[in-house]
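What follows is calculated from the coordinates using simple rules that are stated; it is not laboratory data. What you see is a predicted model, and the numbers here were worked out from it, not measured in a lab. All Cβ positions, even for glycine, are placed from backbone atoms using ideal geometry, and neighbour counts span all protein chains on display.
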């Protein structure tokens, strides 16, 4: 019984804490973000398992966590707004070639981050080649280039 | 799906997102408060300046208990009891209420008591002493949760403390 409660409490706690930390926190931008994620995983393990190292405990825990995740995804599917609150929504941060500075500040993203995605995803060289940049739910930045750029990319 | 500028299919909800940003800022302040509270010892271990390490009773009157206000379940804890030897007997009795062995696991008692016996009301430790004041340290592991009132008593004096055990 205790395992199930531990699992559910930790599930909810982690969900809330990562939600309020913001999309870009721990988004694997640097090696250090990745290391921090590993440390957090290690710390959470203690709270999950406690002193009970039995196999039964692990099995119950895994089933509990997966079931919590499945139930939540069903709820999200049924109630659209609930999903939006829980996962957040995509945010346009570069609109029709113009940077939206107030939003950039709120989501803690800068031009360099946008250019990084532009290079990686579209092979763009300059900020003015971008039409839209969108910060997605998972913290990634997706890029839509201006139309003439798109044609050039397609030609190549 | 909404359309942005008539061309971009995107489920943007900037009102929800701004509300979310506000909540995030509040949450960051709360996170800072949690860290400060932990540093000040509100999650156990005494904290900076040992504010949460408390004393009850008076060693001059024969019984003083030094304890931490906050404990954590499963984390090692200590309670130090200063005793004056009993005038009438070679052995000194220390009686503890039953919450003591219900919510705490006693790992070690230093010095070891010469006798321990349990009654309906609690548990009694008898210590042999060299006829001068001495201190007993209980090394404990809490296995209960929540508020825990404890009563310590000798033949002459009673001391009541309350500790809180976090999950």
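Could you work out the mean projected area of the convex hull around the alpha carbons of the range B:96-139, in square nanometres to one decimal? Please list the in-between numbers first.
Details: hull surface 13.0 nm².
Computed as one quarter of the Cα hull surface, the answer is 3.3 nm².
Evaluate the relative contact order of chain B (contact order divided by residue number), counting alpha-carbon pairs under 8 angstrom at least 6 apart; express in whole percent.
Details: 341 pairs, mean separation 35.5, N = 167.
Relative contact order of chain B: 21 percent.
Using C-alpha pairs below 8 Å separated by at least 6 residues, the relative contact order for the range A:65-132 is 28 percent.
Enclosing the Cα atoms of the protein assembly as shown in their convex hull gives a volume equal to 192 cubic angstrom per residue. Global size of chain B: 25.2, 95 Å for Rg and Dmax (C-alpha atoms, Rg to one decimal, Dmax whole). Mean separation of Cα pairs under 8 Å and 6 or more residues apart, divided by the residue count, gives chain A a relative contact order of 21 percent.
Here, chain A yields an orientationally averaged convex hull projection of 12.0 nm² when only Cα atoms define the hull. Taking a ≥ b ≥ c as the square roots of the eigenvalues of the Cα gyration tensor, an a/c ratio of 1.5 or more together with a/b no larger than b/c marks the range A:2-87 as oblate. Considering only B:61, B:12, B:102, the mean-square fluctuation computed in a Gaussian network model of chain B, springs between alpha carbons under 10 angstrom, is largest for B:12. Taking the inverse of the mean reciprocal distance over all distinct Cα pairs, the Kirkwood hydrodynamic radius of the range B:19-101 comes to 15.9 Å.
Rounded to two decimals, what ratio of Rg to Rh does the range A:91-155 give with C-alpha atoms and a Kirkwood Rh? Display every interim value, and only then the final one.
Details: Rg = 11.1 Å, Rh = 11.7 Å.
In the range A:91-155, Rg relative to Rh is 0.96.
Neighbour counts of other C-beta atoms within 10 Å: give me B:30, B:71, A:67 arranged from fewest to most.
Fewest-to-most Cβ neighbours within 10 Å comes out as B:30, A:67, B:71.
Which one, A:50, A:22, A:97, has the greatest fluctuation when you compute a Gaussian network model over chain A with C-alpha springs under 10 angstrom? Its mean-square fluctuation being the largest, the pick is A:50. Averaged over peptide A:100-108, the number of partner chain Cβ atoms lying within 10 Å of each residue's Cβ comes to 2. Note on residue A:12 and residue A:77: the model spin-label points, each 7 Å out from Cα along the C-beta direction, lie 2.4 nm apart. In this label model, residue A:101 and residue B:156 are separated by 7.6 nm, measuring between points 7 Å along each Cα→Cβ vector.
For chain B, modelled as a GNM whose springs connect Cα atoms under 10 angstrom apart, the maximal fluctuation among B:16, B:54, B:40 occurs at B:16.
Label positions at residue A:39 and residue B:137, each projected 7 Å from the Cα along the C-beta direction, are separated by 3.0 nm.
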